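Participant: Structure below; questions to follow.
Nothing in this text is a laboratory measurement; each read-out follows from the coordinates by a stated rule. For clarity, every value in this text was computed on a predicted model and none was experimentally measured. Virtual Cβ from ideal backbone geometry, glycine too; neighbours counted across all protein chains shown.
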Amino acid sequence: MPCDLFPVFKKNLEALSVTTQDRILAAVSGGPDSMALLHLLWRFNARKIGVFHLNHGFRENASRDAQFVQEYAEKLNIPAQIETYDIMGFLSSSGESKQQGARKIRYQLLRNFAEANGYHCIALGHHGDDQAETVLMRILRGTGLHGLAGIPPRRGPFVRPLLNVYKEDIMQYCHDFEVPYVMDESNFEPIYLRNKIRQELLPLLAEQYNPEIMAQLVQLADLAREDELELKARAEQIARQHVQWRQGQVLFPRRVFAELSVAMQRRVLRLLLQAYKGNLLQISYSHIETWRLMLLENSSFRLSLPRVWVSANAKHIFVGDFLTREWAPAELQAPGKVRAGYFTITAEVMSKEDLTPRGADCEDFDLDKLALPVQVRPRKAGDRMLPFGGAGSKKVKDLFIDVQIPVEQRDSWPLICDRKDILWIPKVRRSAKAAVTESTVRVLRLGLE
């Protein structure tokens, strides 16, 4: 009996929500995995299949492989796109490793071609052996549940309908159905960790410890993936409820963070970095754990992580740097408004008799007790203010510290002053000067938009 993978392949496509109505782009290198994938897709629906091959130029036989894929696609009457890209030039400018850089370019070119030509998904030839190798490689390097989940069956437009099929069966399928293929010599070079795991470690584990090690690792990935999806959904729900963007930073309330379990704290911190950076490149467990412990042990701090700063005050966790907006001191007319960085300060005049209840971000002053004009300016060295209800004047720096205004925001924070004194620091304190009393006739209402 021939080794026919089509029934399980078709079932896998159904589980991935891929139907015969979908246009599928097959990533084909010319090796047995991708050639078996192409043949199975051709059997699934030959009319809606396309081929994409990247000639990266790494090996002497790269042009031969491109020609081989082109000719086999023509034999099956399937359109093929043979793409040539100067990956070595990209690697020299980006500084990425050969494998990582080539993978990044390959995926981006696949995505671009699929989108431009109306393909609904992109099929990749990863199989069970790849999954087992990936899980074992991540265990050796150190990983959490996310890493144990291995290669996902689907991520965005990319689908992998052979993840539960093993290399041995793929090779047998190619033999039984006369599917030709070429071999990539670099797969046998023991200089890469994956190749060493494939050629040395997995055979050793199978021979001396567990003959079913490959299947056990694939099963571990399946179990970890389901648990990971459940926990990830919970963390994302928490993030959606509480994450804010403000002045270029991602914010998360420390009160909410403190109430989370340790596992959920780690996941939320990863999501905050993901939201800000768009990726978690170079972020390790030790980075997350150092950050988490600092949040538990320090009221305020600033910490450098790979390619991003994180910080905190008593109320919030911050990811990224506060983006300042250049602004100059300006006179505030009444009625009128002045833009100061991320703030807009408003002013209006009303009589004491017509005074309406003021909002949370407003302060009222006796206009006739002020040394006009009113000005909006940044802080200066040595600034002091007599806070309303205070026993004496305080440094503006100390007032900022009292309400945990982050250090990087203080120099751009607006101070509203008359010619002699600071009247109000929005969201911090107002001064005791020109308080409204029974003898007040005209009121200057300052507000924050």
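Participant: If you plug each phi of the range 19-31 into the Karplus form 6.51 cos²θ - 1.76 cosθ + 1.60 with θ = phi - 60°, what whole-Hz ³J(HN,Hα) values come out, in order, with x for Gly and Pro?
Facilitator: With the stated coefficients, the range 19-31 comes to 10, 5, 8, 7, 7, 10, 9, 9, 7, 10, 8, x, x Hz.
Participant: Also, quick follow-up: What list do you get for Met1, Met137 if you sort them by fewest beta carbons within 10 Å?
Facilitator: So the residues, fewest neighbours to most, are Met1, Met137.
Participant: Going highest first, how would you order 168-175, 391-398, 118-125 by mean Cβ packing within 10 Å?
Facilitator: Put in order of decreasing packing, that is 118-125, 168-175, 391-398.
Participant: Now a separate question. Would you pull out the residues with amide H under 5 Å of Lys394's amide H, same chain only if 5 or more places away, H placed 1.01 Å from N?
Facilitator: Met385, Leu386
Participant: Would you list, by chain and number, the lysines whose Cα falls below 19 Å from the Cα of Lys420, excluding same-chain residues fewer than 8 positions away?
Facilitator: Excluding near neighbours in sequence, the set is Lys369, Lys380, Lys394, Lys395, Lys397, Lys433.
Participant: At a temperature of 10 °C and a viscosity of 1.306 mPa s, determine how fast the chain diffuses translationally according to Stokes-Einstein, using the Kirkwood radius over alpha-carbon pairs as Rh; express D in µm²/s, rounded to the nearest whole number.
Facilitator: Values: Rh = 27.1 Å.
Calculated translational D: 59 µm²/s.
Participant: Normalised by the residues of the range 244-319, what does the relative contact order come to in percent, with Cα pairs under 8 Å and at least six apart?
Facilitator: 37 percent
Participant: Moving on. Label-point separation (nm) for Arg246 and Glu168, each offset 7 Å from Cα along Cα-to-Cβ?
Facilitator: 6.0 nm
Participant: Could you compute the FRET efficiency for His146 and Glu449, with r as their C-beta to C-beta distance and R0 at 35 Å, rounded to 0.05?
Facilitator: Efficiency at R0 = 35 Å is approximately 0.25.
Participant: What does the helix-only formula give at 222 nm for the chain: each DSSP H stretch with n ≥ 4 adding -39500 (n - 2.57), the total divided by the residues, and the result rounded to the nearest 500 deg cm²/dmol?
Facilitator: Computed ellipticity for the chain at 222 nm equals -12000 deg cm²/dmol.
Participant: From the Cα gyration tensor of the range 244-319, with a ≥ b ≥ c the square roots of its eigenvalues, which class applies: rounded if a/c is under 1.5, or else prolate if a/b is larger than b/c, or else oblate?
Facilitator: On the way: a/c = 1.36, a/b = 1.13, b/c = 1.20.
Cα axes put the range 244-319 in the rounded bin.
Participant: How much of the calculated P(r) for the range 121-194 lies past 19 Å, in percent of all Cα pairs? List each step's numbers first, then the result.
Facilitator: On the way: 1309 of 2701 pairs.
Result: 48 percent of Cα pairs exceed 19 Å.
Participant: Still on this structure, I have one more. Mind checking which helices in the chain clear 24 Å along their axis (Cα) and have mean Kyte-Doolittle hydropathy of -1.0 or more, DSSP H runs only?
Facilitator: 213-242
Participant: Turning to a different aspect of this structure: Rounded to whole Å, give me the distance from the Cα center of the range 305-340 to that of the range 217-256.
Facilitator: Computed from Cα coordinates, the inter-centre distance equals 27 Å.
Participant: Give the lysines reachable from Lys232 as a straight Cα distance under 22 Å; neighbours fewer than 8 places away on the same chain don't count.
Facilitator: List returned: Lys277.
Participant: With charges only on Cβ, +1 for K and R and -1 for D and E, what is the dipole size of the chain about its Cα centre, in debye, rounded to 20?
Facilitator: Working: 60 positive and 54 negative charges, 405 e Å.
With Lys and Arg at +1 and Asp and Glu at -1, about 1940 debye.
Participant: Based on the Kirkwood radius over alpha-carbon pairs, what is the Stokes-Einstein translational diffusion coefficient of the range 330-448 at 10 °C with 1.306 mPa s viscosity, in µm²/s?
Facilitator: Translational D for this selection: 109 µm²/s.
Participant: Fully extended, how many nm does the chain gain between Asn195 and Met350 (0.36 nm per residue separation, minus their Cα-Cα distance)?
Facilitator: Details: separation 155, 0.36 × 155 = 55.80 nm, distance 7.88 nm.
47.9 nm is the gain from fully extending Asn195 to Met350.
Participant: Still on this model: Go through the range 266-372 and name the GluC sites (Glu not before Pro) that are in a DSSP coil and have 13 or fewer other Cβ atoms within 10 Å of their Cβ. Could you put the intermediate results ahead of the total?
Facilitator: Numbers: sites: Glu289, Glu297, Glu326, Glu331, Glu348, Glu353, Glu363; in loops: Glu326, Glu353.
Passing sites in the range 266-372 are Glu326, Glu353.
Participant: Here's a follow-up. Note the direction-averaged projected area, equal to a quarter of the hull surface, for the Cα convex hull of the range 6-221, in nm².
Facilitator: Answer in nm², one decimal: 12.3.
Participant: Shifting gears a bit: Expressed as a whole number of Å, what is the distance separating the alpha-carbon centroids of the range 402-424 and the range 350-367?
Facilitator: What the calculation gives is 21 Å, centre to centre.
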